[in-house]
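What follows is calculated from the coordinates using simple rules that are stated; it is not laboratory data. Computed from a predicted structure; not experimentally measured. All Cβ positions, even for glycine, are placed from backbone atoms using ideal geometry, and neighbour counts span all protein chains on display.
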Amino acid sequence: MAIKFCPRCKSVMVLTKKDGKAVWRCPKCGYEEEAGTGNAKLVERTMVAKRDDKPIVLTKTGEEALPKVRKTCPKCGYEEAYFWVQQTRAADEPPTRFYKCVRCGYVWREYE
């Protein structure tokens with residue numbers, strides 16, 4: 001990946017498309033320069049709206065479509081719960097395991 005600096009203000013320039021051609025453009029001062037025919041590549045990005053952090057729970061005939069495990073509910077003491085795993089911290093940290101009681105619906109989490 002190439003990085004180019006603006007000759008005017010020394011800011012990092014961005015590779016954009018203008019009139020069908022690749023152009024280096026400075027977002028700070030507006031300086032533009034046609035990209036050479038070398039190995040410069042234009043990568044277009046699309047922003048995705050942030051999704052809700054809650055997992056989607058599908059239901060079939062009133063039953064949760066999540067896997068079940070033998071786990072004691074801390075609220076009602078029932079010994080069966082649905083579970084799912086979600087990355088809630090940094091990528092180098094282990095994921096968080098969530099449980100939902102089959103009987104009362106209480107949700108709790110465990111960190112590994």
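Find the all-direction average of the projected area of the Cα convex hull for segment 59-111, expressing the result in square nanometres with one decimal place.
Numbers: hull surface 15.6 nm².
Over all viewing directions, segment 59-111 projects a mean Cα-hull area of 3.9 nm².
Lys71: net charge of surrounding residues, Cβ under 11 Å, Lys/Arg +1, Asp/Glu -1, itself excluded?
Working: positive: Lys68, Arg70, Arg97, Lys100; negative: Glu79, Glu80, Glu110.
Result for the local shell: +1.
Summing +1 for each Lys or Arg and -1 for each Asp or Glu, what net charge is found among the other residues whose Cβ lies under 14 Å from the Cβ of Tyr31? Intermediate results must be reported in sequence, preceding the final value.
Working: positive: Lys4, Arg8, Lys10, Lys18, Arg25, Lys28; negative: Glu32, Glu33, Glu34.
The answer is +3.
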